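Accompanying notes for the structure given below.
The values are calculated or read from the model by the stated rules, or taken from the named source; none is laboratory data. None of the values given here were measured: they were computed from a predicted structure. Heads up, the Cβs are rebuilt from the backbone with ideal geometry, glycines too, and the neighbour counts pull from every protein chain shown.
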Amino acid sequence: MTNPSTKSAAPPGPVYDEALIKRKLGAAIGLLAIFCVTYFTAAVIATRDFRAIGQIDILGMPLALYAATLVFIVGLVVTRMCLNQDKGD
């Protein structure tokens, strides 16, 4: 004899939630886009063709150095945001 209350219960194991996966994928793609724009902007500023832009002094240091530091900081923030998003299941 089976228990009728267990017939409608969810099966054990992981459950696929399509809306949650789409939301997380959209957020991950957005964070990747932010990092890529920051990285490639810093990389372009550091090239020989854009040397004049990269050498602009701000507080005694070149703009290319600030851009490289910004890439590092954005990478840490994006990584932390992705880890927090995965933890929030």
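Values as computed for the structure displayed
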item: Hits in the stretch 60-72 - residues which are without any contact (Cβ under 8 Å) to a residue 12 or more places away in the chain, among the hydrophobic types (A, V, I, L, M, F, W, C) and in contact with a helix residue (DSSP H, G or I) (Cβ under 9 Å, 6 or more places away or on another chain); result: LEU65
item: Qualifying residue in the stretch 60-74 (condition: exposed (fewer than 13 other Cβ atoms within 10 Å of the Cβ), within 11 Å of the chain's Cα centre (by Cα) and under 21 Å from LYS87 (Cα atoms)); result: no
item: Of all residues in the stretch 1-46 being among the hydrophobic types (A, V, I, L, M, F, W, C) and outside any helix (DSSP H, G or I), the one that is modelled with the lowest pLDDT; result: MET1
item: Any hit, the stretch 47-67, residues being modelled with pLDDT of 90 or more, part of a helix (DSSP H, G or I), within 30 Å of ARG23 (Cβ to Cβ) and hydroxyl-bearing (Ser, Thr, Tyr); result: no
